[in-house]
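Heads up: the structure comes next, in structure tokens.
The values are calculated or read from the model by the stated rules, or taken from the named source; none is laboratory data. Just so we're clear, the structure is a prediction, and the values are computed from it rather than from any experiment. Please note: Cβ atoms are built from the backbone with ideal geometry, for glycine as well, and neighbour counts cover all protein chains shown. Side chains are part of the model used for accessible areas, which takes the heavy atoms of the whole protein and leaves out ligands, DNA and RNA. Shrake-Rupley method; radii C 1.70, N 1.55, O 1.52, S 1.80 Å.
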Amino acid sequence: MVEMHEIVPGKRFDRYHELGQHAFGEKLGLWVVVPQQLMVECGVCIVYMITGGTSIKKIHDTLCPNCKSIKTTYFIMIFASVHFVLSHLPSFNSIAGVSLAAAVMSLSYSTIAWTTSVHKGVDPQVQYGPKASSTAGNAFNFFSALGNVAFAFAGHNVVLEIQATIPSTPEKPSKKHMWKGVFVAYVVVALCYFPVALIGYWVFGNNVEDNILISLQKPRWLIAVANFFVVIHVIGSYQVFAMPVFDMLESFLLTKMKFKPSMLLRFLTRTAFVAFTLFIGITFPFFGGLLSFFGGFAFAPTTYFLPCVMWLVIYKPKKFGLSWWANWLSIIVGVLLMVLSPIGALKNIISQAKDFKFYS
């Protein structure tokens, strides 16, 4: 996608759907890309809404263990209140500082998570076997886990929008700077995910929570700090994924619905989107299940196989060459993820929903 951003001399594809239109045609490109991208970005914002709320609750419960219990719903609403303000910032450049803070926080709370787990030591009753008691249950959990992994690489969906903010000249095309950013991003991803995954499973086994910081209890102050870092991270990340949605909604209202551009239209559109993600988040706060469902159903197409299909259509690499095989392998993996992950996720959501009380 970084390479295809300026594939046509003198033109930049600043939006995912613009690249899709170039590859598949004006109408088909829109129908192929826009619904998938909207699902991804809405899904991420919903999951981040839940994550932010549960992390604030964890901070409250950790620092005040004897205080009266407060519903998770209220903490999600507190988190949403921040976005009713931040969502009115004008562009990606306006949230650059928030995004940088989010990246630093991500590295910080991940480090706290795995170092605290090491300090805690292996749980005496730890079990490393499959969590389910049946073959079918293990299969569903496996499918669900694939969706969780897919969710971890959601950034591809906004890579063109981010690259669009980088100045570009024939001598210094934007892709040079973007590739450096991509490299640093994946180094940070590796430093965040691998220690947490390996050490977290070593310490807690198959009883580890979807969010490992919920499994950890001591030292209280450090767990509270880590959850505070999570809140800062998801505040920034929510805005990164919400910005393209705002752009699409406002463009649709102006070009298709013929609304006149105004501050009131902008205010209502962005506020309505935040309210929508808040409503879904407090109604279905199933963090792990939603993570897996959106990871498979929405992220797999836009992350794993749509870019590869576009590459094959636009570049037309030599049949049975390395590029051809690599892209087809990604397409096959992406399709399998899209089909299998939501099955496991829905099974987990149904299991969790049996004992769930709405707005609790």
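Pull out all pairs, ordered by first then second residue, where Cβ-Cβ is under 8 Å, the residues are six or more apart or on different chains, the first lies in region 247-276 and is over 22 Å from Ile78 (Cβ atoms), and the second is β-branched (Val, Ile, Thr) and modelled with pLDDT of 85 or more.
Leu249/Thr269; Glu250/Thr269; Leu253/Thr269
Within the set of pairs 6 or more residues apart or between chains, which connect a residue that is under 15 Å from Lys316 (Cα atoms) and in a helix (DSSP H, G or I) inside region 3-27 to a residue that is open to solvent by 50 Å² or more (accessible area, probe 1.4 Å) and aliphatic (A, V, I, L, M) with Cβ atoms less than 6 Å apart?
Here the result reads Ala23/Val313, each pair linking region 3-27 to a residue that is open to solvent by 50 Å² or more (accessible area, probe 1.4 Å) and aliphatic (A, V, I, L, M).
Pull up region 80-129, narrow it to residues that are of a type in the set (S, T, N, Q), under 30 Å from Ala275 (Cβ atoms) and at pLDDT 80 or above, then point me to the one that is surrounded by the most Cβ atoms within 10 Å (Cβ to Cβ).
At the first step, the residues of region 80-129 found to be of a type in the set (S, T, N, Q) are 81, 87, 91, 93-94, 99, 106, 108, 110-111, 115-117, 125, 127.
Filter once more, so that each one left must be under 30 Å from Ala275 (Cβ atoms): 81, 87, 91, 93-94, 99, 106.
Still in the running and at pLDDT 80 or above: 81, 87.
On the way: Ser81: 10, Ser87: 22.
Result: Ser87.
Return the only residue of Val187, Val182, Val149 being within 26 Å of Glu41 (Cβ to Cβ), of a type outside the set (Ser, Thr, Tyr) and without any contact (Cβ under 8 Å) to a residue 60 or more places away in the chain. Please lay out each step first, then the result.
Working: Val182 fails: without any contact (Cβ under 8 Å) to a residue 60 or more places away in the chain; Val149 fails: without any contact (Cβ under 8 Å) to a residue 60 or more places away in the chain.
Exactly one of Val187, Val182, Val149 is within 26 Å of Glu41 (Cβ to Cβ), of a type outside the set (Ser, Thr, Tyr) and without any contact (Cβ under 8 Å) to a residue 60 or more places away in the chain, namely Val187.
Return yes when Lys58 is within 20 Å of Ser215 (Cβ to Cβ), at pLDDT 80 or above and part of a helix (DSSP H, G or I) and no when it is not.
The answer is yes for Lys58.
Working only within region 14-41, note down all residues that are over 22 Å from the mean Cα position of the chain (by Cα) and surrounded by 17 or more Cβ atoms within 10 Å (Cβ to Cβ).
Gln21, His22, Ala23, Phe24, Gly29
Would you check which residues across region 198-214 are surrounded by 15 or more Cβ atoms within 10 Å (Cβ to Cβ) and closer than 22 Å to Val104 by Cα and list them?
Initial filter on region 198-214 (surrounded by 15 or more Cβ atoms within 10 Å (Cβ to Cβ)): 199-205, 208, 210-214.
Of everything in region 198-214, those that are surrounded by 15 or more Cβ atoms within 10 Å (Cβ to Cβ) and closer than 22 Å to Val104 by Cα turn out to be Ile199, Gly200, Asp210, Asn211, Ile212, Leu213, Ile214.
Of all residues in region 215-226, how many are surrounded by 17 or more Cβ atoms within 10 Å (Cβ to Cβ) and either part of a helix (DSSP H, G or I) or charged (D, E, K, R) (or both)?
Going residue by residue through region 215-226, those that are surrounded by 17 or more Cβ atoms within 10 Å (Cβ to Cβ) are 215-216, 223-224, 226.
Narrowing the set further to residues that are either part of a helix (DSSP H, G or I) or charged (D, E, K, R) (or both) leaves 215, 223-224, 226.
The qualifying residues number 4.
Residues in region 66-75 that are touching a residue at least 60 places away in the same chain (Cβ under 8 Å) and either buried (at least 23 other Cβ atoms within 10 Å of the Cβ) or not in a helix (DSSP H, G or I) (or both): how many?
Let us first name the residues in region 66-75 that are touching a residue at least 60 places away in the same chain (Cβ under 8 Å), namely 71-73.
Checking which are either buried (at least 23 other Cβ atoms within 10 Å of the Cβ) or not in a helix (DSSP H, G or I) (or both) leaves us with 71.
Here the count works out to 1.
So which of Pro195, Pro167 is open to solvent by 30 Å² or more (accessible area, probe 1.4 Å), under 21 Å from the mean Cα position of the chain (by Cα) and either of a type outside the set (Val, Ile, Thr) or at pLDDT 80 or above (or both)? Working first, answer last.
Values: Pro167 fails: under 21 Å from the mean Cα position of the chain (by Cα).
Going through Pro195, Pro167 in turn, the sole match is Pro195.
Going by the conditions given, is Val158 buried (at least 17 other Cβ atoms within 10 Å of the Cβ) and either part of a helix (DSSP H, G or I) or basic (Lys, Arg) (or both)?
On the way: buried (at least 17 other Cβ atoms within 10 Å of the Cβ): yes; either part of a helix (DSSP H, G or I) or basic (Lys, Arg) (or both): yes.
Criteria met by Val158.
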